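Asker: Shown below is the structure under consideration.
Where a number appears in this text, it was derived from the coordinates with a stated rule and is not lab data. Note that the structure is predicted; figures quoted are calculated from it, not measured. Counting neighbours? That spans all protein chains shown, and the Cβs are built from the backbone with ideal geometry, glycine included.
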Amino acid sequence: MAAKIIDGKSIAQEIREKIKKEVEELKEKYDIVPGLVTILVGYDPASISYVKGKQKIAQALGFYSVEERLPENVSEDELIKLIDKYNKDLKIHGILVQLPLPKSINERRVINAIDPRKDVDGFHPINVGKMIIGEPCFLPCTPYGILVILEKIGCQVEGAEAVVVGRSNIVGKPIANLLMQKRKTVGNATVTICHTRTKDLAFHTKRADILIVAVGKPKFITADMVKEGAIVIDVGVNRIGTTPEGKAILCGDVDFDAVKEKVSAITPVPGGVGPMTITMLMKNTLEAAKMWNGLPNEVE
Ligand code: L34
C-alpha cells in the first residue's frame with residue numbers, strides 16, 4: 001500500500017487563514033489585537049529556529065508580538081521577573097517560554113510562574129489538570145495539532161488501538177490522555193503508552209491502528225514495527241546533519257521511506273506535525289485574547 005502523506009503544512013495554512021480572518025474581525029469590531037510574547041533563553045539552534053517560526057507566523061496573522069531573548073546564564077529570578085512583567089501586561093494574552101531551558105534553571109518553577117490564563121502552551125499544572133478532567137483549557141500545542149490532523153484526515157479514533165511511544169510532559173502524556181477521552185470528535189481510543197523501559201516495544205507498536213511517536217531518536221521506528229494500514233504520526237524533529245549551505249538536515253523518529261510503503265497515512269518530517277504546533281499556539285493565543293476581553297471562547 002502506498003501511504004497518504006499527510007500535508008501538515010497545508011492543514012496548518014488552512015487554519016491560519018481562519019485565524020487571520022478572525023483577528024481582522026476582532027480588530028475591527030472591538031479594537032482587540034491578540035498579543036503573544038515568546039521568551040527564548042540561550043542559543044540552542046533548534047529552539048532559535050522554532051521561536052523564529054512562531055514570531056514570523058504571529059506577525060503574519062496580525063498579532064501584537066514581542067520577542068524576548070535572554071542569555072544562557074540568566075538567573076531563574078530574572079526570568080521569573082520578566083514573566084511577571086508580562087503577566088501584568090494587558091496587551092499580552094499569551095506567554096510562551098521555549099523549552100528546554102538551561103540546566104541551571106528550574107523549569108517547573110518557571111512554568112508555574114506563568115499566569116494560567118496566559119499559558120498558551122498548556123503546561124501550567126492548572127491547565128494540565130483541567131485537560132485531564134476534560135474541562136475547557138489551553139491544550140498543549142503539539143498534541144492539539146495531532147488531534148486536528150487526525151480529525152482532518154477523517155481518522156476513526158473511537159475504538160481504535162492507539163499506541164503512543166514516548167512519555168514526555170509536552171507530547172506523550174498529554175496526547176495519550178486526549179486520545180482516550182470521552183469526546184465527540186477525536187477520542188474514545190484504547191491507548192497504550194510505551195517508553196524506554198517497555199519490554200517488547202514492537203509487540204505494542206505492531207498492534208497500533210494509530211501510532212504516535214515522540215522519542216527524539218532518528219528513524220527509531222522501522223517498517224517491521226508497524227501494522228499494515230496503520231496511521232502514523234511522527235513527532236520527532238531530529239537534526240542529523242547540515243547541508244553544504246549550512247541548513248539543518250531533519251529526520252523524524254520514524255524510518256519514513258520504508259514505513260510509508262506499509263501504512264495508510266503518515267506525517268512527514270519536516271512538514272508534518274511541526275507546522276501544526278506553531279499554528280495551534282496561534283489558535284490558543286487568539287482564544288486567550290477573546291477570554292481576556294470577555295468574549296465567547298474555547299478555553300474558559
Ligand atoms: N514551550 N517549548 C514550548 N512550547 C512548544 O510547543 C515547544 N515545542 C517543542 C520544543 N519546545 C517547546 C515546539 O515549539 C517542539 N516545537 C516545535 C515547533 C516547530 C517545529 C518543530 C518543533 C517546526 O516548525 N518544525 C518544522 C521544521 C523546522 C526547522 O526547519 O527547524 C517542520 O516542518 O517539522
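Asker: Translational diffusion coefficient, Stokes-Einstein: compute it for region 185-236 using the Kirkwood radius over C-alpha pairs as Rh, at 37 °C and 0.692 mPa s, and state it as an integer in µm² s⁻¹.
Answerer: Working: Rh = 11.8 Å.
Translational diffusion coefficient: 279 µm²/s.
Asker: At 0.36 nm per residue, minus the direct Cα-Cα distance, what do Thr192 and Glu28 gain on full extension? Give it in nm, one decimal, please.
Answerer: Going from the current span to full extension adds 54.4 nm.
Asker: Working out 0.36 nm times the residue gap between Ala2 and Gln181, then minus their Cα-Cα distance, what length gain in nm do you get to one decimal?
Answerer: 61.4 nm
Asker: Treat every Asp and Glu Cβ in region 208-257 as -1 and every Lys and Arg Cβ as +1, leave all other atoms uncharged, and give the resulting dipole magnitude about the Cα centre to the nearest 20 debye.
Answerer: 260
Asker: Taking H as built 1.01 Å from N, whose amide H comes closer than 5 Å to the amide H of Glu298, not counting residues under 5 places away?
Answerer: none
Asker: Taking the alpha-carbon set of the chain, what are its Rg and Dmax in Å?
Answerer: Both quantities, over Cα of the chain: 19.1, 57 Å.
Asker: Summing -39500 (n - 2.57) over the DSSP H runs of n ≥ 4 in the chain and dividing by its residue number, what mean residue ellipticity at 222 nm do you reach, to the nearest 500 deg cm²/dmol?
Answerer: Computed mean residue ellipticity for the chain: -12000 deg cm²/dmol.
Asker: Can you compute the charge dipole magnitude of region 85-154 about its Cα centre, using +1 on each Lys and Arg Cβ and -1 on each Asp and Glu Cβ, nothing else charged? Give it in debye, rounded to the nearest 20.
Answerer: 260
Asker: Still on this structure, I have one more. I'd like to verify something in the chain: which complete DSSP H helices, judged by Cα projection on the helix axis, reach 27 Å or more and average at least -1.0 on the Kyte-Doolittle scale?
Answerer: Correct list, ordered by number: 273-292.
Asker: Right, next: Could you tell me the largest-minus-smallest coordinate of the C-alpha atoms of region 48-96 on each of the three principal axes, in descending order and whole angstroms?
Answerer: 32, 27, 10
Asker: Can you give the charge dipole size of the chain about its Cα centre, rounded to the nearest 20 debye, using +1 on the beta carbon of Lys and Arg and -1 on the beta carbon of Asp and Glu?
Answerer: Approximately 240 debye in magnitude.
Asker: Report, to two decimal places, the Cα Rg of region 19-176 normalised by 2.2 N^0.38 Å (N = number of residues).
Answerer: Numbers: Rg = 16.8 Å, N = 158, 2.2 N^0.38 = 15.1 Å.
Its radius of gyration relative to the 2.2 N^0.38 Å reference: 1.12.
Asker: Applying a 10 Å radius around every beta-carbon, put 16-29, 286-299 in order of their mean neighbour count, most first.
Answerer: Working: 16-29: 14.3, 286-299: 18.2.
For the peptides 16-29, 286-299, the packing ranking is 286-299, 16-29.
Asker: Also, I was wondering about something else. Calculate, axis by axis, the spread of Cα positions in region 107-229 along the three principal axes, and write the results as whole Å, longest axis first.
Answerer: Extents along the principal axes: 45, 32, 20 Å.
Asker: Which one of Val110, Ala60, Gly159 has its Cα pushed farthest toward the positive end of the charge dipole of the chain, where Lys and Arg give +1 and Asp and Glu give -1 at the Cβ?
Answerer: It is Gly159, whose Cα lies furthest towards the positive end.
Asker: Can I ask one more? Given the peptides 89-98, 254-263, arrange them by the average over their residues of other C-beta atoms within 10 Å, most packed first.
Answerer: Output ranking for 89-98, 254-263: 89-98, 254-263.
Asker: I would also like to ask the following. Within the set of other residues whose C-beta is less than 13 Å from the C-beta of Pro218, count the net charge using Lys and Arg as +1 and Asp and Glu as -1.
Answerer: Once positives and negatives cancel, what remains is -1.
Asker: Among Ile175, Ala230, Ala248, pick out the residue whose Cα is farthest towards the positive end of the charge dipole of region 151-300, where Lys and Arg carry +1 and Asp and Glu carry -1 on C-beta, about the Cα centre.
Answerer: Looking along the dipole axis, the top candidate is Ile175.
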